[in-house]
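A short write-up of the structure that comes next.
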Amino acid sequence: MTDTEDHRRLIVAGTGIAGLTAAIYAARSNNDPLVLEGDEPGGQLTLTSEVENYPGFPEGISGPDLINEMKAQAEQFGSDLKHGVVENVDDSERPFRVELTNGDVYTCDAFIAASGASARTLGIPGEDDLMGYGVSTCATCDGAFFRGEDMLVVGGGDAAMEEAHFLTKFANKVYIAHRREEFRAEDYWIDKVQKKVESGEIEIMRNTEVLEMHGSPEDGVDHVTLARNDAGHPSEKLDDDETEVSDFDVGAVFIAIGHTPNTDYLEDTGVELDETGYIVAKGGKGGGQTATDVPGLFGAGDVVDYHYQQAVTAAGMGCKAAIDADDYLEDLPENEETEAAAEAADD
Ligand SMILES: Cc1cc2nc3c(=O)[nH]c(=O)nc-3n(C[C@H](O)[C@H](O)[C@H](O)COP(=O)(O)OP(=O)(O)OC[C@H]3O[C@@H](n4cnc5c(N)ncnc54)[C@H](O)[C@@H]3O)c2cc1C
């Protein structure tokens with residue numbers, strides 16, 4: 001045992017909205033959760049200045065404010081929030097052994113993975129500076145802020161098609177930039193987008209990549225630099241005479257090239273992950289969808305839910321995972337013995 005090895009009844013990985021909701025419920029059920037923040041305390045919502053669709057805030061609320069209120073609520077009921085990134089969970093023994101990247105080790109009876117998913121980004125100049133100021137990875141969340149603007153969606157999969165289709169509600173016109181000729185998206189989405197192309201609401205730019213984004217946090221996105229080459233992947237062919245580089249005016253850019261679920265630390269466990277790394281949930285009472293193949297190990301929020309990926313759905317799953325973990329903890333043999341002993345003492 002190291003100096004920092006410590007046993008907890010429940011550990012929650014993540015202080016996004018799923019982890020914090022789980023923490024509130026778990027603390028109120030006397031499960032004394034240790035809640036580990038990971039590399040991104042507060043999770044994805046800390047990246048957005050305005051949340052307009054979380055119930056209860058008719059005027060909207062900033063992502064960081066919502067998260068801070070939830071942290072205060074979790075701590076008020078006794079959750080123990082700590083810095084710490086989980087590197088590995090050993091489920092070959094009970095209690096689980098939870099190893100952190102800083103070398104600390106904890107053991108716990110139950111574990112909730114609420115470690116979210118990180119949106120993939122392009123890694124091009126201007127992107128980081130304008131993220132949250134006209135550049136977004138979530139059309140459902142941010143589309144309404146750019147009503148009447150020309151909008152650019154980057155990507156060629158289902159998410160890009162769905163986001164482009166959704167954005168036609170707000171945009172003057174939606175452009176899709178895809179680096180190849182063919183889309184990876186399912187026919188269903190391609191057909192839906194094609195109808196919008198025919199009505200003039202969407203224009204597709206194939207074999208086109210964004211090289212740079214221009215603008216300022218004060219004024220948002222002004223324009224982007226695009227590269228185009230009929231052979232595809234133009235950014236790899238900038239020296240080619242066939243590659244055209246040009247500026248393109250847009251008011252907002254939505255990057256829809258997928259998410260990466262944060263599940264590396266579960267790879268050696270019995271938890272089933274799908275081909276992209278999302279936790280495959282196994283139902284639960286009332287269709288909870290937080291149980292995994294490993295009894296006592298639960299998943300909540302975007303780390304499980306690759307489809308909805310919204311604050312309110314992540315919060316709902318955090319609640320369900322905490323209740324499922326509580327049911328599991330109550331049924332552990334040692335707890336049954338303790339309860340039986342307490343009842344005998346009362347008699
Ligand atoms: C720019 C942007 C704007 C958005 N706006 C809205 C909106 O307006 N409305 C809405 O409903 N949704 C919005 N969303 C989506 C919403 O933020 C997510 O659906 C929600 O945050 C998911 O919550 P989560 O707790 O599952 O995961 P996350 O928020 O991703 O949190 C994951 C947590 O896990 C931690 N973690 C990761 N790996 C580890 C590890 N190994 N060990 C310990 N901890 C770990 C991270 O540090 C983080 O604290 C937005 C998303 C983005 C990116």
Surface share of carbon and sulfur [accessible, 1.4 angstrom probe, percent] for the stretch 58-195
43
In sequence order, calculated HN-Hα J values of the stretch 302-317 (Karplus, 6.51, -1.76, 1.60; Hz; x Gly/Pro):
5, 6, 10, 8, 7, 9, 6, 6, 10, 4, 5, 6, 5, 4, x, 5
Please determine, in degrees from 0 to 90 and to the nearest 10, the orientation of helix 187-198 with respect to the longest principal axis defined by the Cα atoms of the chain, where the helix direction is its Cα long axis.
40
Quick check on the chain: helices-only [θ] at 222 nm, where DSSP H runs of length 4 and up contribute -39,500 (n - 2.57) each and the sum goes over total residues. Nearest 500, please.
-8000 deg cm²/dmol
Under-5 Å amide H pairs with Thr260, H placed in peptide plane, nonlocal only:
Ser118, Ala119, Arg120
Just to confirm, what accessible area per residue do you get for the chain at 1.4 Å probe, in whole Å²?
48
Figure the gain on full extension for Arg180 and Arg94 (residue separation times 0.36 nm, minus the Cα-Cα span) and round it to one decimal in nm.
26.0 nm
Whole angstrom only: what separates the Cα centroid of the stretch 12-59 from the Cα centroid of the stretch 74-98?
15
Below 26 Å Cα-Cα, how many Lys pairs turn up in the stretch 138-288? Only count pairs eight or more apart in sequence, or on different chains, if you could.
6
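When all alpha-carbon pairs of the stretch 127-255 are counted, what percent fall beyond 24 Å?
Roughly 24 percent, once rounded to a whole number.
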Please compute, for the alpha-carbon atoms of the chain, the extent along each of the three principal axes and give them in descending order in Å.
84, 42, 39
Compute the separation of the alpha-carbon centres of the stretch 265-293 and the stretch 194-221 and state it in Å as a whole number.
36
The value for the stretch 82-147 (convex hull of the alpha-carbon atoms, volume per residue, Å³) is 156
In percent, how large is the relative contact order of the chain, given Cα pairs closer than 8 Å and 6 or more residues apart?
19
Packing-ranked peptide list from 145-156, 227-238, 79-90, 108-119, highest mean Cβ count within 10 angstrom first, is 108-119, 145-156, 79-90, 227-238
As an exercise, identify the GluC sites (Glu not before Pro) in the stretch 266-323 lying in DSSP coil whose Cβ has no more than 10 other Cβ atoms within 10 Å.
Glu275
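The values are calculated or read from the model by the stated rules, or taken from the named source; none is laboratory data. Here the structure is a predicted model, which means the values were calculated and not measured. No Cβ is skipped: glycine too gets one built from the backbone with ideal geometry, and neighbour counts run over all protein chains shown. Note: areas computed on protein heavy atoms with side chains; ligands, DNA, RNA excluded. Shrake-Rupley method; radii C 1.70, N 1.55, O 1.52, S 1.80 Å.
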